[in-house]
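Colleague: To start, I am sharing the structure in question, which I have written as structure tokens.
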Amino acid sequence: MPIQLHQNINLFLLLVVGSFMAHIYLGWVEIVAILTFTVFIEHLFLYFNKRREFYFSYSSFSTAIGVIVLMYSPHLWIYFLVITLGLAQKHFLTFKGKQFFNPSNFALIMALLFFYKDAHIITGQFGDELWLSLVVSVVAIIILIRVNRWIIPLAFILFYLFFQYYLIVGYDPVTLFEDIYHRLYSVTFILFIYFMLTDPPVTPTKWYEQIGFALVVALMSTLLDRFYGFRVQHLFMSVFFFSIFVNLLKFNSDRVPLLKLTVIILFFAIATLTVIEMQTPYYFEMEG
């Protein structure tokens, strides 16, 4: 079975289970509309992207489901627009066909940039049931072994807990370490770690580079928590920032044009993250 199809089946089944066992804000009419739109816009881009052969893109479902489970907005058209932006950068903001951002993560960051008051990143839609967390972990590990990315979530969790303990808990007497590791119980948080943090096109291939990638993502998100207070968006902002540099690790030739493009994208990323971080933090509570 192709890896992308394998991943999409897993994510779709988790979405179905979550809709019955947890609390998904969108109804199935909205979910089907988003999935249908995503498939249409993905293949429209494939048609116009002459650098890639036309094929049926399983990965577009992953992009849609990632946005569905990690974002909430009362406006369906916001889902359509940010998913379009996420897919567009995958096709057209590339270097020799290699993208710089995970489409779902890019879509979420664009939602915060343009629709901060109407689109929120949330990590509680699937609840924190232990059995569901274990199921998600087992399903994810199978995928990660297939794509050789299992080191990243393991290293990230260790680094994240270490930095959070010494830089947050040791600094703020009000914050308890139980509050930190309780985040790992969130099923959606686990989905972020296993499926977005480890996206093969925007993560390093060598094991020591994967450890370094996990370290800097954990460190940046923790430092943002330290200086600005904990916000869910910090994890996504950190992945957004460091994925820019992954292509520099993968290409041994044509480094000069790649470096120029990377610098341009870096300025865009810094401006984007600065605007988002300047916004007033929101507190979104899941109930039910």
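Colleague: What pairs in K206/K250; K90/K250; K206/K260; K98/K260 have C-alpha atoms more than 19 Å from each other? Walk me through the numbers before you get to the answer.
Modeller: Numbers: K206/K250 10 Å; K90/K250 17 Å; K206/K260 24 Å; K98/K260 15 Å.
Result: K206/K260 exceed 19 Å.
Colleague: If you stretched the chain out fully between A271 and M21, how much longer would it get, using 0.36 nm times the residue separation minus the C-alpha to C-alpha distance? Display every interim value, and only then the final one.
Modeller: Values: separation 250, 0.36 × 250 = 90.00 nm, distance 3.96 nm.
Separation in residues times 0.36 nm, less the Cα-Cα distance, equals 86.0 nm.
Colleague: GNM, the chain, Cα, under 10 Å: largest mean-square fluctuation among S60, S243, S253?
Modeller: S253
Colleague: If you don't mind, another one. Give me the extension gain from V174 to H75: residue separation times 0.36 nm, minus the current Cα-Cα distance, reported in nm with one decimal.
Modeller: Details: separation 99, 0.36 × 99 = 35.64 nm, distance 3.65 nm.
Going from the current span to full extension adds 32.0 nm.
Colleague: P(r) tail for the stretch 32-100, what percent of Cα pairs lie past 15 Å?
Modeller: Working: 1181 of 2346 pairs.
Distances greater than 15 Å cover 50 percent of the Cα pairs.
Colleague: With a 1.4 Å probe and all protein chains left in place, how much accessible area per residue does the stretch 1-51 have, in Å²? Don't jump to the answer; show the numbers that get you there.
Modeller: On the way: 2890 Å² over 51 residues.
On a per-residue basis, 57 Å².
Colleague: Moving on to the next point. Local charge sum around L224 (other residues, Cβ-Cβ under 12 Å, Lys/Arg +1, Asp/Glu -1)? Can you show the working numbers first?
Modeller: Numbers: positive: R226, R231; negative: D225, E277.
Net local charge, L224 excluded: 0.
Colleague: Take L13 and N49, extend 7 Å from each Cα along the Cα→Cβ direction, and tell me the distance between the two endpoints in nm.
Modeller: Going by the 7 Å Cα→Cβ label model, 2.8 nm.
Colleague: Whole angstrom only: what separates the Cα centroid of the stretch 1-54 from the Cα centroid of the stretch 116-150?
Modeller: After rounding, the separation between the Cα centres reads 16 Å.
Colleague: Over the stretch 75-186, what number does the Rg to Rh ratio reach, with both radii from the alpha-carbon atoms and Rh per Kirkwood?
Modeller: Numbers: Rg = 17.5 Å, Rh = 17.0 Å.
With Rg and the Kirkwood Rh in hand, the quotient comes to 1.03.
Colleague: With N residues in the chain, what two-decimal value do you get for its Cα radius of gyration over 2.2 N^0.38 Å? It would help to have the intermediate numbers written out before the result.
Modeller: Numbers: Rg = 18.1 Å, N = 288, 2.2 N^0.38 = 18.9 Å.
Normalised Cα radius of gyration, the chain: 0.96.
Colleague: What's the extension gain from L184 to V216 if we count 0.36 nm per residue and subtract their Cα-Cα distance? Could the numbers behind the result be given before it?
Modeller: On the way: separation 32, 0.36 × 32 = 11.52 nm, distance 1.87 nm.
In short, 9.7 nm is gained.
Colleague: Place +1 on the Cβ of every Lys and Arg and -1 on the Cβ of every Asp and Glu in the chain, take the dipole about the Cα centre, and give the residue among A218, Y25, I244 whose Cα lies farthest towards its positive end.
Modeller: I244
Colleague: Now a separate question. Compute the distance in nm between two label points, each set 7 Å from the Cα along the Cα-to-Cβ direction, one at L93 and one at L158.
Modeller: In this crude spin-label approximation the distance works out to 3.3 nm.
Colleague: Would you please classify the overall shape of the stretch 136-222 from the alpha carbon gyration tensor, given that a ≥ b ≥ c denote the square roots of the eigenvalues, rounded means a/c under 1.5, and beyond that prolate means a/b larger than b/c while oblate covers the rest?
Modeller: Values: a/c = 2.92, a/b = 1.61, b/c = 1.82.
Since a/c reaches 1.5 but b/c is at least a/b, the shape of the stretch 136-222 is classed as oblate.
Colleague: If you don't mind, there's one more thing I want to ask. I'd like the accessible area for T280: 1.4 Å probe, protein heavy atoms, all chains in place, Å² to the nearest 10.
Modeller: Using a 1.4 Å probe on the heavy atoms, I get roughly 110 Å².
Colleague: Just to be sure I understand the model, the point goes 7 Å from the Cα along the line to the Cβ. What's the resulting L167 to K260 distance in nm?
Modeller: With each label placed 7 Å out from Cα toward Cβ, I get 3.4 nm.
Colleague: Let me ask something else. Between W131 and V29, what FRET efficiency comes out of the Förster formula 1/(1 + (r/R0)^6) with R0 = 25 Å and r the beta carbon distance, rounded to 0.05?
Modeller: Working: r = 29 Å, r/R0 = 1.14.
The formula returns an efficiency of 0.30 here.
Colleague: Counting only protein heavy atoms, what percent of the accessible surface of the chain is carbon or sulfur at a 1.4 Å probe?
Modeller: Carbon and sulfur together cover 70 percent of it.
Colleague: Tell me, what is the FRET efficiency for M278 and F56 to the nearest 0.05, using R0 = 41 angstrom and their Cβ-Cβ distance as r?
Modeller: Working: r = 41 Å, r/R0 = 1.00.
Once the sixth-power term is evaluated, E becomes 0.50.
Colleague: Now for a separate question. Which residue, F163, F40, F236, tops the fluctuation ranking in a GNM of the chain built on C-alpha contacts under 10 Å?
Modeller: F40
Colleague: Placing unit charges on C-beta atoms (Lys and Arg positive, Asp and Glu negative, everything else neutral), compute the dipole magnitude of the chain about its Cα centre in debye, rounded to 20. Provide the component values of the computation, followed by the final result.
Modeller: Values: 16 positive and 16 negative charges, 262 e Å.
For this selection, approximately 1260 debye.
The values are calculated or read from the model by the stated rules, or taken from the named source; none is laboratory data. All values reported here derive from a predicted model rather than from experimental measurement. Every residue, glycine as well, gets a Cβ built from its backbone with ideal geometry; the counts of neighbours run over all protein chains shown. Quick note on the areas: whole protein, heavy atoms, side chains included, nothing else; ligands and nucleic acids left out. Shrake-Rupley method; radii C 1.70, N 1.55, O 1.52, S 1.80 Å.
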